[in-house]
Structures are given as structure tokens and as C-alpha cells.
Amino acid sequence: MPLLLAVALAASPTLAQMKWERRVLIVAAASGENAALAEQRRIVADWKANSDDRDLTVVEVIGDRVSGAGDTAASIRRKYRLRAPFTAILIGKDGGEKLRSAKPFPAAVLEQTIDAMPMRRTGQR
């Protein structure tokens, strides 16, 4: 593995390392030209700009590249069975899959789902 790639991978925590610390929105597409990917990016950017971040990390798996996590694209695709042209998955802090869709998640769905999670309710007290 080239040194630069090893340093880049070491800089981002893996999905396993995020467990119990962060919620993860995995957004996967075959290419960066995917319209659903562009829409999900817009929704998340607008939502995060207008609300607290709810301990959410966005991990993009575009082709064979990953941003937001130190895992490889192949390992994420295998673990979460990412085969469609576009897939969005919300992972809770417990590491469990909470939502899965072949279409972008609306901000309201993300917000309502996260706010209903036990760790979110506990943190709001």
C-alpha cells in the first residue's frame, strides 16, 4: 500500500471505531454523476446547516473510493450489501441499520428517525 494512501486511511476512523460515538449515513453510488447522490448531498448539507448535527457522520462510497471513513469501498459494499445504483443507509450508534433506501432520505425522515433513537432521547435530557 502506498504510504500516502496508508496515511489517508489512518486519518479517518473506521465504521467499527465510530460505533457508540457517531451515527453514520452511508451514501453509496456507482459514480459521482448519480442524480440521487447529488440530491442526498444537497439534502444533508441543507439539513446540517439548519440543525445540530445529531452526531451524524456521512460516509460516501462512490465507485471504489470512500470519504468519511477509513474502511475500503469493497468492505463497506460487502458488509452492507450495496449493489443498487444508489443506496442510503442510516446506522445508529449501536452499529445497527435503522433505515435503508434506494432513494435519497428526506431531511424530515432523518431527523425523526434519529430523534426517536434511545441514545438521542437520553442525550436530550
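Inspect segment 54-63 for any residue being among the small types (Gly, Ala, Ser) and on the phi < 0 side of the Ramachandran plot and give the result as yes or no. Spell out the reasoning first.
At the first step, the residues of segment 54-63 found to be among the small types (Gly, Ala, Ser) are 63.
Of the ones still in play, those that are also on the phi < 0 side of the Ramachandran plot are none.
No - not one qualifying residue is present in segment 54-63.
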Within segment 40-56, residues open to solvent by 30 Å² or more (accessible area, probe 1.4 Å) and in contact with a strand residue (DSSP E or B) (Cβ under 9 Å, 6 or more places away or on another chain) come out as Arg41, Lys48, Asp55
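For (1) surrounded by fewer than 17 Cβ atoms within 10 Å (Cβ to Cβ); (2) modelled with pLDDT of 95 or more, each residue gets a yes or a no:
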| site | (1), (2) |
| --- | --- |
| Val61 | no, yes |
| Arg65 | yes, yes |
| Ile76 | no, yes |
| Lys79 | yes, yes |
| Ala84 | yes, no |
| Leu99 | yes, yes |
| Pro104 | no, yes |
Please list, ordered by residue number, the strands (runs of 3 or more DSSP E) wholly in segment 1-115 having 1 or more residues that are of a type in the set (Asp, Glu) and without any contact (Cβ under 8 Å) to a residue 60 or more places away in the chain. 56-62, 97-101
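The values are calculated or read from the model by the stated rules, or taken from the named source; none is laboratory data. Worth saying up front: this structure is predicted, and the values here are computed from it rather than measured. No Cβ is skipped: glycine too gets one built from the backbone with ideal geometry, and neighbour counts run over all protein chains shown. Side chains are part of the model used for accessible areas, which takes the heavy atoms of the whole protein and leaves out ligands, DNA and RNA. Shrake-Rupley method; radii C 1.70, N 1.55, O 1.52, S 1.80 Å.
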